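This report refers to the structure that appears directly beneath it.
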């Protein structure tokens, strides 16, 4: 296979792009009279935020043991995903690839950027079908391979050997989405970004950090790739309040670990009790904070639960008669179980 060369992978117009220089690029610091950015001098949120989220990166660098210049902070993972298309894919020419079923934003973002998305079905055990993938390595227009691990909606980690085979064999970008990695009990691939220059690892504060509303997405990669992320992003892509929320979350590791432990304990309880309900035909293995479960009639069960004000995710359109159940609080999980048991009694 061809060797990965970053300059050959990046779009030519991005290589030549002169990024916008905002006011906060020209002056660093807080202790000054700011008359440079046409801001309103009054108010609490009147100043533009740090365009490069320096404090957040500093804290992340300490916790993840990664240099600050190898971290990108985005407006949710959606921005992290969108920018990888903008950096590496020529609209109407280049392609990306994903393994289905998986997170739907890869395909949506590809469509927005006019990039064809090749979809390879996962095997029956929801693992990557390497024999089906290998022929695509020779496609000169294939620029990005997306791997969601743990995968959404199936919940399973991808085989590390398969991921490393792809990293070693593919001359384009390998984008590994680790949105649920904190629940999996395994080491992140962030530690491999030194070894693989074509690897981007995405994470988020929306799941284990409980900051879905704050929209904090992350990318870890080489200095060069992170440099291109910073080159093409919007000037002030993460708001000041959201940066503060991220810093507050990172400052309280005790609360983070406590909540994660509570979710994992409830996950085990939920699995144990769901397995005793006859409406549930199969509970798939999960390395995330949710279960994919097979039922007899997903549309009916989803609708009935919704009528009872319990909202799950109907995945019947992508995996026959399956719904996805997020692990909630103890009381929320109990309400779900009681609702399913009530439905079971009515069915019997």
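Quick notes on this structure:
- Linear extension gain, residue 344 paired with residue 36, 0.36 nm per residue minus alpha-carbon span: 104.3 nm
- C-alpha long axis of helix 253-274 to longest principal axis of the chain, angle in °: 30 degrees
- Beta bridges per DSSP with both ends in the chain, % antiparallel, nearest 5: 50 percent
- Region 1-70 and region 204-247 have Cα centres separated by 11 Å.
- Centroid-to-centroid, using Cα positions, region 255-297 and region 99-125 are 26 Å apart.
- With Cα atoms, 0 to 90° folded angle of helix 240-251 axis to the chain main axis: 60 degrees
- Cα-based equivalent ellipsoid of region 272-313: semi-axis lengths in Å, sorted from largest, via gyration tensor: 18, 13, 9
- With respect to the chain, whose longest principal axis is taken over its alpha-carbon atoms, helix 330-347 is tilted by about 40°.
- Using the Cβ-Cβ distance between residue 264 and residue 212 with R0 set to 22 Å, the FRET efficiency from 1/(1 + (r/R0)^6) comes to roughly 0.75.
- Here mean projected area of the Cα convex hull in nm² was computed from the coordinates, and among [x] 18.2; [y] 19.6; [z] 16.7 the match is [y].
- For the pair residue 93 and residue 136, the difference between a 0.36 nm per residue extended length and the Cα-Cα distance amounts to 13.9 nm.
- Beta bridges by DSSP in region 170-302, antiparallel share as percent, to the nearest 5: 65 percent
- Near-label residues of region 116-145 by backbone N, under 20 Å of a point 7 Å along Cα→Cβ of residue 294: 121-129
- Note on residue 8/residue 337: beta-carbon distance plugged into 1/(1 + (r/R0)^6) with R0 of 51 Å gives a FRET efficiency of 0.40.
Every number here is computed from the coordinates shown, using simple stated rules; none is lab data. Fair warning: this is a prediction, and the values are worked out from it, not measured in the lab. Using ideal geometry, Cβ is built from the backbone for each residue, glycine included, and neighbour counts are taken over all protein chains shown.
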